[in-house]
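As structure tokens, the structure follows; a few thoughts come after it.
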Amino acid sequence: MLLHFTKMHGLGNDFMVVDMVTQSVRLPPDKIRRLADRRFGVGFDQLLIVEPPTDPDMDFRYRIFNADGSEVEQCGNGARCFAKFVRDKRLIGRDTIQVQTAGGNIELIIHANGEVSVNMGVPRLQPEDIPFRAQEQRATYDLRIDGEEFEISAVSMGNPHAVIQVDDVNRTPVARLGSVMEKHGRFPKRCNVGFMQVLDQAEINLRVFERGVGETLACGTGACAAVVAGRLQGLLGDEVRVNLPGGTLNIHWSGEGHSVIMTGTATRVFEGQTRL
Ligand SMILES: N[C@H](CCC[C@H](N)C(=O)O)C(=O)O
């Protein structure tokens with residue numbers, strides 16, 4: 001059985017994108033893990049599946065699997081690549097695309113310059129919606145990681161994020177702290193871990209240790225979660241440039257109850273096929 005796919009990335013966060021509208025293949029977790037392997041398989045941070053919607057108001061359904069085979073609720077960089085993929089494959093003729101995901105429905109807008117804006121929906125801050133174990137919703141929570149006390153924010157963009165403010169992202173032990181924080185007991189579904197260095201009200205540096213993957217070159221939902229966390233602490237304004245190792249995203253959020261809008265590039269690397 002041949003599986004056709006497109007290799008793409010959003011600021012170096014890389015994806016194997018599979019059209020399950022015109023082809024149909026079963027991809028169990030062990031097969032996903034093998035495909036994710038950069039030596040024995042295609043190699044990716046996430047596998048993105050394009051499917052027909054089950055919600056008649058949506059154009060497509062978008063499923064996301066981490067390199068470890070776990071299915072997750074949302075992927076921001078992947079959403080921009082999803083938009084480019086369905087337009088390039090002529091699976092849709094419009095530049096505004098309504099997409100159903102496990103983490104909530106999102107709207108993708110393809111701009112004339114090739115950049116894509118994604119309405120990522122309203123961030124979820126109530127502990128039970130993240131999910132995060134806490135008595136009440138707060139802007140920050142005290143947490144012990146590896147014997148050290150940290151002040152973190154907890155935000156869901158459909159997927160769970162912890163955000164930790166640091167003085168310098170380049171001097172932060174992201175792998176050590178991220179690997180402990182990802183599995184912290186107060187996040188029942190584990191979490192993505194963002195390390196945010198606030199430069200001023202309109203710009204941050206960010207590194208993200210992703211749930212089920214490890215540190216990636218960029219994380220779209222992580223960028224959204226960091227801006228939400230920073231704004232809730234009065235550190236950031238409505239428009240923020242987020243500098244990630246793989247490039248910069250523009251995030252707009254005008255406060256609680258409003259949607260987060262993420263804008264950035266999407267890149268196709270190559271078309272491929274693999275025998276299953
Ligand atoms: N790279 C993705 C995030 C994937 C999130 C996944 N690691 C999870 O377990 O939630 C992004 O651009 O938003």
Can you tell me how much longer the chain between Leu276 and His4 gets when fully stretched, taken as 0.36 nm per residue apart minus their C-alpha distance, in nm with one decimal? 96.9 nm
When only DSSP loop residues count, what trypsin sites (Lys or Arg not before Pro) in the stretch 67-140 have their Cβ near at most 12 other Cβ atoms within 10 Å? Arg90, Arg94
Given the options Pro53, Pro28, Pro131, state which has the largest fluctuation in a GNM of the chain using a 10 Å cut-off (strictly under) for Cα springs. Pro28
I'd like the accessible area for His184, computed on protein heavy atoms only with a 1.4 Å probe and all protein chains in place. Round to 10 Å², please. 40 Å²
Inter-label distance, nm, simple model (7 Å from Cα along the C-beta direction), Thr263/Arg38: 3.2 nm
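Given Cα pairs under 8 Å that are at least 6 residues apart, what percent is the relative contact order of the chain?
For the chain, the relative contact order is 21 percent.
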Cα-only radius of gyration and Dmax that characterise the chain, units Å: 17.8, 54
At a threshold of 8 angstrom on Cα-Cα distance, excluding pairs fewer than six apart, so keeping six or more, what relative contact order does the stretch 127-258 reach in percent? 20 percent
Measure off 7 Å from each Cα along the Cα-to-Cβ vector at Asp200 and Asp238, then give the distance between these two points in nanometres to one decimal. 1.9 nm
Using the structure shown, list the pairs from Lys31/Lys189; Lys84/Lys189; Lys31/Lys183 with a Cα-Cα distance above 28 Å, or answer none. Lys84/Lys189
How large is ³J(HN,Hα) for each residue in the stretch 39-45, as worked out from phi by the Karplus curve 6.51 cos²θ - 1.76 cosθ + 1.60 (θ = phi - 60°), to whole Hz, x for Gly and Pro? 9, 9, x, 6, x, 6, 7
Once the in-chain neighbours fewer than 8 apart are removed, the lysines whose Cα is under 22 Å from Lys89 read Lys7
GNM on the chain, C-alpha springs below 10 Å: top fluctuator among Phe40, Phe150, Phe132? Phe40
Within 10 Å, at most 12 other Cβ atoms, and a DSSP state outside H, G, I, E, B define an exposed site. Report the longest part of the chain free of exposed GluC sites (Glu not before Pro). 1-135
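Please give the calculated 222 nm ellipticity per residue for the chain, where each DSSP H segment of at least 4 residues contributes -39500 (n - 2.57) and the sum is spread over every residue; nearest 500 deg cm²/dmol? If you can, show how the numbers build up before the last one.
Numbers: 4 runs with 43 residues, N = 276.
It lands at -4500 deg cm²/dmol.
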Radius of gyration and Dmax over the Cα atoms of the stretch 127-258, both given in Å: 13.3, 37
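The values are calculated or read from the model by the stated rules, or taken from the named source; none is laboratory data. Please read these numbers as outputs of a predicted model, since none were measured by experiment. Glycine also receives a Cβ, built like all others from the backbone with ideal geometry; neighbour counts cover every protein chain displayed. When the accessible area is computed, the model is the full protein with side chains, heavy atoms only, and any ligands, DNA or RNA have been set aside. Shrake-Rupley method; radii C 1.70, N 1.55, O 1.52, S 1.80 Å.
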